[in-house]
Every structure is written in C-alpha cells, then in structure tokens.
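Everything on this sheet refers to the single structure shown next.
The values are calculated or read from the model by the stated rules, or taken from the named source; none is laboratory data. Keep in mind that what you see is a predicted model, and the values were worked out from it rather than measured. Glycine gets a Cβ as well: all are built from the backbone with ideal geometry, and neighbour counts include every protein chain shown. Heavy atoms of the whole protein, side chains included, go into the accessibility calculation; ligands, DNA and RNA do not. Shrake-Rupley method; radii C 1.70, N 1.55, O 1.52, S 1.80 Å.
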Amino acid sequence: FVAEMGVGSDGMTQAVAAGAAAAATTLVLYPLDIVKTRLNTGVDEDGIPYKGVLDVVARQWERKGLHGFYRGIRVKLVQDIVRSVSFFYVFAILKGMYLKKRGGIGVGANLILGYLSATINLFFTMPIEVCNTRQMTGFSEGGIVTIMMELVKSQGLAGLYTGILANLLLCLNPAIKHAVFDQVKARLLLLTKGQARLTTAQSFGLGAMATMIASTLTFPAARARAILQTQRLSPANAKGTLPLRAIHVLQTIVATEGWGGLYKGLGPQLVKGVLSSALLLTTKEKLHKYAALLVRLTILALQLLISNRQHHDRQTVRLGAHRHNKGQGAH
C-alpha cells in the first residue's frame, strides 16, 4: 500500500533519520527551550513578570539549579521524536502521492503538503506538548499521565488541546520552513551538478535561513500558545471561569505591551529555533544513509521472517495432508 503511493522505504528512511536527529537536537538545546518558553509566558509560577532572558536564567537557577534547565526533558524527547517521525513520514506519503500524479512539485504545493502534514501530526502530539509546556514553566508537577489527568479533570478533554487554534496557525511554521529548505536545496543541487547531497555547511546555513523566516512570521501565535497552555487550572464547572482564546490573548498583549509585545522573546526563539532546526536538518541529511541501511535491513529481516513463516505453514499443511492420507489408506 505504501509503495503504491510512491513512498516505500524512502518514507521510512526519512522518518527514522528525522527521529534520531530530533532526539540529538533536543538533548543539546533543551536549556534554551526552557528559557524561551518561560520568556514567552511572560511570568513565573508566582505570576511575577520576567524582565528578560537573564532574569529567566537567574530565577530558574535560584529555584532549581542546573536540574531546572532540564525539567520535563523526557516528555520533550518523546514529543519531538514523535513529531519529527510522524511529520516527515506523512509528508513523504503526501509528497509521493502528489509527485506520482503531477510529476513535479512547486513552492505552493510544497507549502500546502507541509501544512497538511503538520496539521495531521498536531492531533497526535498536542497533548504531549501541552503537558511539556506546563512542566517546563512550573505550572504543573508530576509526570505526563498526572498532568493529563489534572487537565482533563479541570477542563475536560479539551484541556489536552489548549491553544489548538494558535497551533493550527503555527502549522505554517514547518510548512514554510521545509518548503523553503526543499526548494532552495533543489536549486543548489542543480547548480552543483554531480553533488547528490548538501554539505554540512550548506545544510546548516539553509536550515538557519528557513527557520528564521518561518519563526518570525509565526511568532505571535507561538507566544499566544505559550500563555494559553500555562493558565491557572480551575474546576471544570467553576462559575465565571471562561477559557481564554488566542485572539483575546493577542489583543491583551497589544493593549498592555504595545505591538512590540507580540514579539517579546523572539530573540531566544530565533536562537533556539535556528540552532535546533539547522542541527535537525543537518543531522537528518547526514544520518540519511545510515537510516536507509537500517530500514533496508529491517525490511529484509521482516521479509525473511514472513517467508520462513509461510514456508513453515506450507510444511505444516503438507504434513497434515500426508497424515490424513495415511490414515485413509490404513482404513
């Protein structure tokens, strides 16, 4: 079925390489993610506003020490691996189907396919993201199951998808990023005839440029999402407690902080986002051949297992038929 859509082992290779690259990138850059997320929310657990990046770092160090910069990393690893694997696999499937019908892919189609992939991916990964955001900012304690139960008890199942409208807008981020990366990559490889893959420097630079463009365009939605996902929880039926909406959050930011407030925390976001995406895309490019080998070996092993099983079943059927015939002959 997958092979018929033009994906085959290449889609699995893309997914495996992306998952491994996501894990490595998260481990390296997680402290930056903590600082960026806390700055996006604007306040700490006690509701005291942050003054800037250094203030976030100082307070986090004072409260939790070095451990505070790795709070929630296990959940984040699961989230990023699942997100990268599912995004690249779904994207490979959709792209394969499109190429099979059209024969080529332009910027517009790349954007639409990337957005659809990110949207499909969102419904699987968003509950993990909400839990991780609350862990990172100190608004919830405990593991992922505990936080999920806390959210469901307070807000119902909708609590697991807090900020989904902002996230639907943010699905443009990976769509823009990968459309820019793929289109420029294709042109670079055409210019350098005979070069099958980008160099490390080319991958890093292209990944950084694509991320800066995508992050700047979608940052207000990212800030609104962070604020929405760190609301104080109240009982589901509490009177007078209406859930915030992304548009209300953005309006409040503009009213209290001015238009510049929509981009508060953009600096750390760009640093983290550029390094993260550039490392992810660079690592993915470099891991591609090893992932391809792993996928081929896995497929070969599965084929051998299936072949052996079928051979065993045939032998069992033959043996059963032989015994039956012997029994008939004896009678």
Residue within the range 83-94 that is part of a helix (DSSP H, G or I), at pLDDT 85 or above and not acidic (D, E) present | yes
Residues being open to solvent by 30 Å² or more (accessible area, probe 1.4 Å) and within 15 Å of Y263 (Cβ to Cβ): count how many of those fall in the range 176-225.
-> 5
Could you tell me which residue of the range 1-44 is surrounded by the fewest Cβ atoms within 10 Å (Cβ to Cβ), considering only residues that are at pLDDT 80 or above and either touching a Gly at 6+ places or on another chain (Cβ under 8 Å) or not in a helix (DSSP H, G or I) (or both)?
-> V43
Of the numbered conditions (1) within 27 Å of L168 (Cβ to Cβ); (2) out of contact with any strand residue (DSSP E or B) (no Cβ under 8 Å at 6 or more places or on another chain); (3) at pLDDT below 85, K64 fails exactly one; give the number of that condition.
-> (1)
Residues of the range 51-72 satisfying the condition of being part of a helix (DSSP H, G or I) and charged (D, E, K, R) | D55, R59, E62, R63, K64
Looking at (1) closer than 21 Å to A92 by Cβ; (2) assigned to a helix (DSSP H, G or I); (3) hydrophobic (A, V, I, L, M, F, W, C), find the lone condition where A222 falls short.
-> (1)
Hey, L281 exposed (fewer than 13 other Cβ atoms within 10 Å of the Cβ), at pLDDT below 85 and either of a type outside the set (S, T, Y) or in contact with a Lys or Arg (Cβ under 9 Å, 6 or more places away or on another chain) (or both) or not | no
Checking R323 against (1) modelled with pLDDT of 65 or more; (2) more than 28 Å from Q135 (Cβ to Cβ), the condition it does not meet = (1)
Restricting attention to the range 65-94, and to residues there that are closer than 29 Å to Q183 by Cα and free of Cβ contacts under 8 Å to residues at least 40 places away in the same chain, which single residue is surrounded by the most Cβ atoms within 10 Å (Cβ to Cβ)?
-> V90
